[in-house]
Structures are given as structure tokens and as C-alpha cells.
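J.: I'd like to ask you about the structure that follows.
The values are calculated or read from the model by the stated rules, or taken from the named source; none is laboratory data. This one's a predicted model, so the numbers in the text were calculated from it and none came from an experiment. Cβ atoms come from the backbone with ideal geometry, glycine included; neighbour counts cover every protein chain shown. Ligands, DNA and RNA are stripped out before the accessible areas are found, and what is left, the full protein with its side chains, is counted by its heavy atoms. Shrake-Rupley method; radii C 1.70, N 1.55, O 1.52, S 1.80 Å.
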Number of protein chains: 2
Amino acid sequence: MKPANIRDVARRAEVSVASVSRVLNGAGPVTDATRKKVMEAVEALQYVPHSGARSLSTSRSHTVGVILPDLYGEFFSELIRGVDLAARERGYHLIVSSSHDEAEAAAAAVRSMRGRVDGLILMSPHAEVGQATAAVTGGLPVVRLNDGAAGADGPSIVVDNRGGSVAAVEHLISLGRTRIAHVAGPTDNLEAEARLSGYLEAMAGAGLDARVIEGDFDMASGRRAGLDLARGDGVDAVFAGNDMMALGVMLALQDAGLRCPEDVAVVGFDDVPLASLVRPALTTLRIDIAEIGRSALTRLLAQIDGQPDAGRQIVRPELVIRGSTSGPDAKTRAANERTPVAHHSAQGDHQDV
Amino acid sequence: MKPANIRDVARRAEVSVASVSRVLNGAGPVTDATRKKVMEAVEALQYVPHSGARSLSTSRSHTVGVILPDLYGEFFSELIRGVDLAARERGYHLIVSSSHDEAEAAAAAVRSMRGRVDGLILMSPHAEVGQATAAVTGGLPVVRLNDGAAGADGPSIVVDNRGGSVAAVEHLISLGRTRIAHVAGPTDNLEAEARLSGYLEAMAGAGLDARVIEGDFDMASGRRAGLDLARGDGVDAVFAGNDMMALGVMLALQDAGLRCPEDVAVVGFDDVPLASLVRPALTTLRIDIAEIGRSALTRLLAQIDGQPDAGRQIVRPELVIRGSTSGPDAKTRAANERTPVAHHSAQGDHQDV
DNA sequence: GTGTGTCATGTAACCGTTTACACATTCGGC
DNA sequence: GCCGAATGTGTAAACGGTTACATGACACAC
């Protein structure tokens with residue numbers, strides 16, 4: 001049995017299709033009597049408007065696309081979560097597509113979404129991806145995330161990675177650390193690059209020697225870096241390009257018999273949920289990832305509605321000091337604990353130390 | 001400037017719209033000359049077919065919906081990843097909607113997707129959600145995940161949670177542990193319930209006393225449970241309802257000065273990526289989450305194509321023995337290491353101990 | 001009683017595809 | 001030279017909504 005269409009509803013309610021449409025969209029004048037008849041018919045027939053037909057005549061799909069380089073790990077799920085929450089509030093749907101590390105794949109994803117979405121949220125940490133996608137969006141509203149493409153002055157949200165790194169290094173210096181190493185992210189990643197350059201800048205500014213180890217943004221590479229450092233001539237602090245690598249470093253140090261923070265202080269970047277749960281809890285630069293997602297969606301919808309956009313928006317990470325850089329001083333740290341977003345229900349009484 | 005439509009392309013290529021359509025869909029006979037002219041026009045006009053119009057005339061949207069209780073944490077991102085990868089291979093798009101813990105929200109999500117998708121992947125660990133959504137799918141192809149709803153004999157994939165729990169307990173018993181506690185997941189979650197009942201069954205079967213502590217499936221609740229246990233009369237093993245709680249337990253034990261596995265062995269469930277990266281690496285029941293996602297999508301598409309479905313498919317978790325239950329015996333464990341799916345590029349030489 | 005304005009409703013054109021069917025062309029077989 | 005068959009192409013009717021415009025009913029003022 002084919003699903004009911006608007007004409008079936010109109011026939012059953014003994015009104016015209018126009019009235020049905022008006023009732024369903026809350027637009028135009030209708031008497032209460034008509035409204036009631038229509039609603040009954042809709043209910044009886046289990047009628048759901050065909051979104052394709054609707055988008056055909058209104059040229060609006062009430063759907064936005066989210067294109068990400070990957071879906072792996074806490075960062076992306078947190079981001080989608082923020083976008084999804086905001087989208088549901090506004091009655092929008094989300095088409096996601098991930099694993100677009102390469103320029104070509106990302107461009108294909110953009111193309112395949114044309115005509116299917118009203119706008120795009122596009123994350124492209126690689127420079128070429130940013131350029132390749134810019135060529136094919138063709139007038140579609142877009143909000144870009146963490147995209148460092150030169151000359152990109154369109155709507156975007158970028159994290160002040162460089163500034164965050166400077167804050168991290170300055171914090172370590174203020175604790176009296178001087179032999180500070182950096183575990184960098186992948187070299188083709190613009191965010192990793194910005195964090196590295198902030199580190200180099202701050203070290204140079206303080207007259208200290210820089211020491212950089214390459215990593216991949218994953219925990220395993222952090223662990224390798226940590227083993228390297230533990231084996232070497234001795235550093236008294238490590239600033240890692242993200243939290244997962246910082247955690248890897250901490251585990252490696254622990255394996256090597258070094259104490260954190262006494263022997264080596266560790267700082268991460270992102271403040272993923274895990275960061276406040278490990279011991280010692282990780283000092284890091286907090287980015288409210290879900291909030292970035294929400295903000296991206298809100299700005300995208302504003303753009304779709306034809307409002308002028310604010311252009312580039314900069315998010316400044318906040319230094320959250322926890323056990324991995326400070327001694328056990330429960331009072332100051334308690335104030336910095338992240339409220340955990342619990343899987344099912346958040347009970348507030350978890351004890352972080 | 002409005003985007004080009006099929007008539008614009010036809011005019012420019014000096015052919016009819018039917019020929020354009022045939023070229024674009026690869027259906028029906030066309031000469032090479034026609035194909036070439038059409039392709040040139042498509043290229044020149046940057047033509048992209050309007051998916052709404054297409055879905056209107058074919059009543060296919062080439063889109064499937066994914067409805068999840070939540071998006072938080074590694075489990076869900078891994079699942080979506082599997083679904084997304086399979087969908088892209090087959091040319092399908094994905095509409096995701098999360099945070100449907102409650103029956104009503106889930107039912108609303110299903111309704112809002114009717115007419116917009118060709119089928120649904122529906123995860124509903126709560127019994128009422130399963131029932132509420134069953135009422136509104138109305139003939140739409142559906143694959144259900146981890147849904148324990150009574151009488152549900154439609155297409156679904158369920159994890160043998162009970163069997164996994166039995167294997168975990170038996171493993172601990174084989175190591176000589178007898179005072180084995182269980183940290184359970186939320187009571188309204190069907191998976192948590194099945195894991196609990198497997199534990200109880202295995203303990204009873206071995207003539208051992210059961211000890212159950214309530215948790216939430218998140219790390220903070222595992223930590224609380226671990227503190228409780230460390231403070232108490234002494235257990236020699238803990239089987240947690242999922243990996244995140246197991247990790248929380250391990251951290252708490254560590255804080256309390258207990259050694260793992262020497263004093264207390266710990267077993268988790270799921271094998272999230274993190275499980276093999278912590279120290280000691282966590283013994284757990286591996287579920288290939290991404291593979292479940294892929295399989296769900298494949299079966300959904302088969303169903304959409306009108307093929308008969310296999311009904312309920314059961315996934316048996318595999319016991320992966322790591323450091324949290326066995327002494328340092330590198331050889332046997334090395335074989336069980338999970339290949340890490342790296343954030344950006346997996347380099348194989350990470351050293352797990 | 002006629003003219004005018006308001007308001008609810010109906011009619012039909014249009015949105016951009018696919019595709020059944022009709023048509024035109026070419027070719028081979030006789 | 002005529003008759004199918006085969007092949008490529010075009011025409012037009014769906015598909016299921018939205019909405020500009022027309023229509024009809026009714027109230028009110030003159």
C-alpha cells in the first residue's frame with residue numbers, strides 16, 4: 001500500500017490540497033473547523049509530507065551537510081553532537097560524511113551534497129582540501145572549521161592554536177620548567193602547524209632551546225615520543241599537540257619510572273572528556289568542541305536565511321590547570337574540573353584528584 | 001543565478017531531456033556522440049541533478065537514517081564510522097540523529113525521517129524505545145541494533161552480551177580468582193541487563209557469591225565503584241559492564257595503592273580503542289563495532305532492494321586477554337593487540353606492554 | 001439593492017526529474 | 001524496393017508538494 005499523499009488527505013478531509021498545505025505549514029488563514037478536519041485526516045492516514053516534493057517546490061531541503069576529515073575519536077563525535085543538538089532544535093536534518101582526508105574525496109563529497117542540502121559545515125585541516133572544496137561549493141552557504149587556507153575570509157570558526165600554545169609554554173615556564181619539549185601533530189595538518197609555531201615562538205621569546213618530536217595526534221605516537229624523551233638527556237616538561245598524545249606521553253613516562261608532574265610536567269590540547277579523568281588529571285587547553293559545532297550550525301542557518309555573516313570567528317582556548325602540572329592542591333584544581341557529560345546520566349559526585 | 005536544471009543541459013547539448021537523463025543514469029541506449037555532448041554541457045553548466053526531484057519521481061532517496069540514543073564516546077563514533085564507510089561505497093547518504101534516549105524523542109525522530117530516507121538503522125537499548133519506534137516505522141525497512149524488545153524477530157543485529165559475560169567470569173575463575181565483583185551499567189539498559197545476568201549465571205554456576213555495584217557506563221561511575229571496592233573487604237577481580245567503567249575501576253584501584261592484575265584483575269567489555277593503550281592493557285570482550293555498522297547498512301540496503309532478510313543476527317564477542325588479567329607475558333599478548341586505527345596515519349610500531 | 005472590502009477556500013501552474021511510449025532512422029534479408 | 005527489427009531519440013505524463021491568483025461568501029456602508 002502506497003503512503004498517502006496530500007490529495008488523499010484533502011479528499012478525506014473534504015477540503016482542497018491548498019488548505020491541507022496551509023494547515024500543515026501554519027501559513028495563511030484557515031478556520032478552526034478546517035484545521036480540525038485536516039488534522040483528523042492526517043492522523044487517520046498516517047500522512048507524512050514527502051520531503052523531496054517539498055524541497056522541489058520550495059527549493060529548501062531543511063538539511064545541512066557536515067563534511068569531516070574523519071570520524072575517529074572523541075573530538076569528532078563531540079563536534080557532531082553539538083551540531084546535531086542545535087540542528088534538532090531548529091528542525092533541521094544532518095547529512096554526515098567523513099573520511100575526507102584527501103582533497104579529491106572531499107570535493108566529491110561536496111559535489112554529491114549539492115542540491116541535497118541547504119548549506120555545509122566543512123572541516124578541512126589540510127590546506128589542499130580547503131582549496132579543492134572552495135572550488136566546488138558554488139554559491140552554497142558554507143561555514144568552515146579550523147581551516148587555515150590563505151585568503152579564506154568567508155564564514156569560518158578557527159581556534160587560536162598559536163595563542164593556546166604560547167599560554168601552555170608560559171604556564172610551564174612560570175612553574176620553573178626550562179627544558180620543555182613539544183610533541184607535534186602531523187606536518188600536513190594546519191592545526192598541528194599552528195600549535196608548533198606557537199611553541200617555537202614562546203620558547204624563543206623566553207630564550208629557551210626548543211625540542212620537537214614528531215607525532216600523529218594519536219595516543220600510540222605520544223607513547224613513542226614519551227619513551228624517546230624518557231630515554232634521552234632529560235626534559236622537565238612536555239607540551240603535546242593534543243590530549244591523546246599527552247596521555248600517551250604520560251603513560252610512557254610512568255612506564256619509565258618518571259613521576260608526573262614532579263619529574264616531568266605534561267600539558268595537552270583540546271580537553272577531551274578523558275583528560276580530566278586520568279591520573280594525574282591532564283592540564284590542557286580547553287576548547288568547547290560541542291559549542292563550536294553548535295555555533296557553526298547557528299551561523300550556517302543565519303547565512304541560509306540571508307543574513308550577512310560575521311566572517312572569521314576566533315575561539316580562544318582556555319588553559320585548564322590540573323594535576324599533570326601542579327602538585328596536589330585540591331582546592332585550586334577543583335574549580336577547574338570539567339563537568340563530565342555522562343553517557344547516560346551525569347551524577348555530579350565523581351571525585352577527581 | 002539559479003543552478004542549471006536538466007532542461008538547460010538538454011538545450012545546451014542540443015538533445016532532449018530524456019537523453020540527458022539516460023546519460024546521467026547510465027540507463028538506456030545512447031550513442032557516444034550524444035554522451036559526449038551531454039557530458040560537456042554538464043561540465044560547462046556545473047550541473048548537479050536535484051535530488052528532491054529525482055526522489056519524487058523514483059521514490060528513492062538514496063539516503064538512510066541512523067537513529068542513536070546518543071553520540072557520546074568512542075562506541076558511537078566507531079559505529080557511525082562503519083556505517084558511513086559502507087554507505088559511501090554504495091553511493092548512499094547518511095542522515096544521523098542522536099540523543100534519543102526517550103521513547104517519545106525516538107519516535108519523533110523516526111517520523112521526521114519518513115519520506116526522507118529509504119530505510120533506517122535504529123539503535124534502541126531501552127525496551128520502551130524499541131516498542132515506540134516499532135509503531136511508527138510503517139513499512140519502512142529497518143535494521144535494529146542491540147534491541148532486546150520481546151517478540152522482535154525482524155532484521156536485527158544483537159550482541160551476545162550474556163555469553164560474553166560468562167566467558168569473562170570463566171576466564172577470571174580459570175586464573176584462580178573467586179571474589180569477583182561486577183560493575184553494572186544503567187538498570188534500564190537492556191545490554192547492561194544482559195551482561196549482568198550473564199555474570200550472575202556464571203557466578204552461580206561456579207558456586208561463587210556475586211557482588212554487584214551499580215554504574216552508568218561512564219568512567220566516573222567506574223571510578224566510584226572502584227573506590228568502593230578498594231575500601232571494602234577485598235575482591236580479587238572486577239568484571240565491569242563496559243570498558244570505560246573498567247578503566248575507571250583501574251584508576252581507582254591504582255589510587256588506592258592496589259596493583260592490577262596482581263591484587264585485583266580487571267575485565268571490561270567492548271574493546272574500545274583506548275583499552276589496548278592504557279597500562280596495564282585491558283582484558284576485554286571485543287566487539288568489532290565498525291563491522292557491526294557496516295553489516296547493518298549492508299543488510300538494510302539488501303532489504304531495500306527487496307531481498308528477504310536473515311532476521312536476527314548474533315554477534316559473539318571475543319575474549320581478548322591483556323595485561324589487566326595476566327602477568328607480563330609479552331608473547332601471548334602481542335598476538336592479541338588491537339591494530340590501532342590511527343587518527344591520521346597508522347604507524348604500526350607502537351609498543352604495547 | 002448595489003458596490004466594496006475582507007476572509008476562507010479552491011484551482012491550477014510550477015518545481016526538476018524519470019520513463020513509458022511514440023517516432024524516426026538505419027540496416028539486413030528477401 | 002519493401003518489410004520488420006533494432007536502435008537511438010523526443011514528447012509528455014507522472015511524482016507530491018507550494019502558492020499566486022481566482023472565486024465565492026458574507027458583512028457593511030451607502
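J.: State which residue pairs qualify: first residue within 14 Å of another protein chain (Cβ to nearest Cβ) and inside region A:13-24, second residue within 9 Å of DNA strand D (Cβ to nearest atom) in any location, beta carbons under 9 Å apart, and separation of 6 or more residues or different chains.
T.: A:LEU24/A:ILE6; A:LEU24/A:VAL9; A:LEU24/A:TYR47; A:LEU24/A:PRO49
J.: Tell me, which residue of region A:58-76 that is assigned to a loop (DSSP other than H, G, I, E, B) and more than 8 Å from chain B (Cβ to nearest Cβ) is farthest from A:GLY293 (Cα to Cα)? Show your work before the answer.
T.: Step one: of region A:58-76, the residues assigned to a loop (DSSP other than H, G, I, E, B) are A:59-62, A:68-73.
Narrowing further to those that are more than 8 Å from chain B (Cβ to nearest Cβ): A:59-60, A:62, A:68-69.
Details: A:SER59: 25, A:ARG60: 22, A:HIS62: 17, A:LEU68: 12, A:PRO69: 15 Å.
Here the answer is A:SER59.
J.: Which of the residues spanning region A:44-57 are within 12 Å of chain B (Cβ to nearest Cβ) and without any contact (Cβ under 8 Å) to a residue 40 or more places away in the chain?
T.: A:SER51, A:GLY52, A:ALA53, A:ARG54, A:SER55, A:LEU56, A:SER57
J.: Do we find that B:GLU104 is free of Cβ contacts under 8 Å to residues at least 24 places away in the same chain and out of contact with any Ser or Thr (no Cβ under 9 Å at 6 or more places or on another chain) in this structure?
T.: Details: free of Cβ contacts under 8 Å to residues at least 24 places away in the same chain: no; out of contact with any Ser or Thr (no Cβ under 9 Å at 6 or more places or on another chain): yes.
It is false that B:GLU104 is free of Cβ contacts under 8 Å to residues at least 24 places away in the same chain and out of contact with any Ser or Thr (no Cβ under 9 Å at 6 or more places or on another chain).
J.: Only one of these is of a type in the set (Asp, Glu) and open to solvent by 40 Å² or more (accessible area, probe 1.4 Å): B:ASP270, B:ASP233. Name it. Steps first, answer last, please.
T.: Details: B:ASP270 fails: open to solvent by 40 Å² or more (accessible area, probe 1.4 Å).
The match here is B:ASP233.
J.: Just checking, how many residues over region A:54-73 are within 11 Å of DNA strand D (Cβ to nearest atom) and touching a strand residue (DSSP E or B) at 6+ places or on another chain (Cβ under 7 Å)? Don't jump to the end; show me each part of the working.
T.: First, the residues of region A:54-73 that are within 11 Å of DNA strand D (Cβ to nearest atom): A:54-60, A:62.
If we keep only those that are touching a strand residue (DSSP E or B) at 6+ places or on another chain (Cβ under 7 Å) as well, we get A:62.
Number satisfying all stated conditions: 1.
J.: What number of residues in region B:21-36 are farther than 29 Å from B:GLY119 by Cβ, surrounded by 12 or more Cβ atoms within 10 Å (Cβ to Cβ) and near DNA strand D (Cβ under 8 Å from one of its atoms)? Break it down stepwise before answering.
T.: Going through region B:21-36, the residues farther than 29 Å from B:GLY119 by Cβ turn out to be B:29-36.
Okay, now just the ones that are also surrounded by 12 or more Cβ atoms within 10 Å (Cβ to Cβ), so B:30, B:34-36.
So of that shortlist, the ones also near DNA strand D (Cβ under 8 Å from one of its atoms) come out as B:30, B:34-35.
Of the residues in region B:21-36, 3 are farther than 29 Å from B:GLY119 by Cβ, surrounded by 12 or more Cβ atoms within 10 Å (Cβ to Cβ) and near DNA strand D (Cβ under 8 Å from one of its atoms).
J.: Among the residues of region A:77-92, which ones are part of a loop (DSSP other than H, G, I, E, B) and on the phi < 0 side of the Ramachandran plot? Lay out the reasoning, then the answer.
T.: Pass one, region A:77-92, residues part of a loop (DSSP other than H, G, I, E, B): A:90-92.
Result: A:ARG90, A:TYR92.
J.: Say we look at region A:269-295 and pick out the residues that are assigned to a loop (DSSP other than H, G, I, E, B) and more than 14 Å from chain B (Cβ to nearest Cβ); which of these is farthest from A:PHE217 (Cα to Cα)?
T.: Just the residues of region A:269-295 that are assigned to a loop (DSSP other than H, G, I, E, B), to begin with: A:269, A:271-272, A:277-282, A:287-288.
Filter once more, so that each one left must be more than 14 Å from chain B (Cβ to nearest Cβ): A:271, A:287-288.
Numbers: A:ASP271: 14, A:ILE287: 16, A:ASP288: 18 Å.
Here the residue is A:ASP288.
J.: List pairs: first residue in region B:1-12 and more than 10 Å from chain A (Cβ to nearest Cβ), second residue of a type in the set (S, T, N, Q) and more than 12 Å from DNA strand D (Cβ to nearest atom) anywhere in the structure, Cβ distance under 8 angstrom, at least six positions apart or on different chains.
T.: B:ALA4/B:GLN46
J.: Can you confirm whether A:SER51 is within 10 Å of DNA strand D (Cβ to nearest atom), among the polar types (S, T, N, Q) and in contact with a Lys or Arg (Cβ under 7 Å, 6 or more places away or on another chain)? It would help to see each step written out before you state the result.
T.: Numbers: within 10 Å of DNA strand D (Cβ to nearest atom): yes; among the polar types (S, T, N, Q): yes; in contact with a Lys or Arg (Cβ under 7 Å, 6 or more places away or on another chain): yes.
For A:SER51, the condition - within 10 Å of DNA strand D (Cβ to nearest atom), among the polar types (S, T, N, Q) and in contact with a Lys or Arg (Cβ under 7 Å, 6 or more places away or on another chain) - is met.
J.: Among the numbered criteria (1) within 26 Å of A:ALA290 (Cα to Cα); (2) assigned to a helix (DSSP H, G or I); (3) open to solvent by 10 Å² or more (accessible area, probe 1.4 Å), which single criterion is violated by A:ARG224?
T.: (1)
J.: Out of A:GLU78, A:GLU89, I need the residue that is away from DNA strand C (no atom under 16 Å from the Cβ), open to solvent by 50 Å² or more (accessible area, probe 1.4 Å) and of a type in the set (Asp, Glu). Which one? Talk me through it step by step, then tell me what you get.
T.: Values: A:GLU78 fails: open to solvent by 50 Å² or more (accessible area, probe 1.4 Å).
Exactly one residue qualifies, and that residue is A:GLU89.
J.: B:VAL30 passes all but one of (1) closer than 22 Å to A:ALA108 by Cβ; (2) at pLDDT below 90; which number fails?
T.: Here B:VAL30 meets the rest and fails (1).
J.: Sort out which residues of region A:42-60 are hydroxyl-bearing (Ser, Thr, Tyr), open to solvent by less than 60 Å² (accessible area, probe 1.4 Å) and within 12 Å of DNA strand C (Cβ to nearest atom), and write them in order of number. Lay out the reasoning, then the answer.
T.: Residues of region A:42-60 hydroxyl-bearing (Ser, Thr, Tyr): A:47, A:51, A:55, A:57-59.
This time we only want the ones that are open to solvent by less than 60 Å² (accessible area, probe 1.4 Å), so: A:47, A:51, A:55.
Answer for region A:42-60, where residues must be hydroxyl-bearing (Ser, Thr, Tyr), open to solvent by less than 60 Å² (accessible area, probe 1.4 Å) and within 12 Å of DNA strand C (Cβ to nearest atom): just A:SER55.
J.: Only one residue in B:ASP329, B:ASP305 is open to solvent by 60 Å² or more (accessible area, probe 1.4 Å) and either outside the structural domain of B:ALA192 (by TED's automatic domain parsing) or modelled with pLDDT of 95 or more (or both), so which one is that? Let's see the steps before the verdict.
T.: Values: B:ASP329 fails: either outside the structural domain of B:ALA192 (by TED's automatic domain parsing) or modelled with pLDDT of 95 or more (or both).
The unique qualifying residue is B:ASP305.
J.: Which pairs have Cβ atoms under 7 Å, sit 6 or more apart or on different chains, and link a residue in region A:192-216 that is more than 22 Å from A:GLY232 (Cβ to Cβ) to one that is open to solvent by less than 70 Å² (accessible area, probe 1.4 Å) and of a type in the set (Val, Ile, Thr)?
T.: Correct list of pairs: A:GLY198/A:VAL166; A:GLU201/A:VAL166.
J.: Follow-up. Taking B:CYS260 as meeting all but one of (1) away from chain A (no Cβ under 14 Å); (2) open to solvent by 10 Å² or more (accessible area, probe 1.4 Å), write down the number of the exception.
T.: Among (1) away from chain A (no Cβ under 14 Å); (2) open to solvent by 10 Å² or more (accessible area, probe 1.4 Å), the lone unmet condition for B:CYS260 is (1).
J.: On to the next question. When you go through (1) open to solvent by 50 Å² or more (accessible area, probe 1.4 Å); (2) modelled with pLDDT under 90; (3) more than 10 Å from DNA strand D (Cβ to nearest atom) one by one for B:MET39, which number turns out not to apply?
T.: Failed condition: (2).
J.: Taking B:ALA108 and the conditions (1) crowded, with 20+ Cβ neighbours inside 10 Å; (2) more than 15 Å from DNA strand D (Cβ to nearest atom); (3) at pLDDT below 90, which numbered condition does it fall short on, given that it satisfies the others?
T.: With (1) crowded, with 20+ Cβ neighbours inside 10 Å; (2) more than 15 Å from DNA strand D (Cβ to nearest atom); (3) at pLDDT below 90 applied to B:ALA108, the lone miss is (1).
J.: Further question on the same structure: Please work out which residue is farthest from B:SER59 (Cα to Cα), limiting yourself to region A:9-40 and to residues that are touching a Lys or Arg at 6+ places or on another chain (Cβ under 9 Å) and more than 10 Å from DNA strand C (Cβ to nearest atom).
T.: Among those that are touching a Lys or Arg at 6+ places or on another chain (Cβ under 9 Å) and more than 10 Å from DNA strand C (Cβ to nearest atom), it is A:GLU40.
J.: Just the residues that are touching a Ser or Thr at 6+ places or on another chain (Cβ under 7 Å) and at the interface with chain B (Cβ under 7 Å from one of its Cβ atoms), please, taken from region A:77-87.
T.: Within region A:77-87, the first condition is being touching a Ser or Thr at 6+ places or on another chain (Cβ under 7 Å), and the residues that meet it are A:77, A:81, A:84-86.
Scanning region A:77-87 gives A:SER77, A:ARG81, A:ASP84, A:LEU85.
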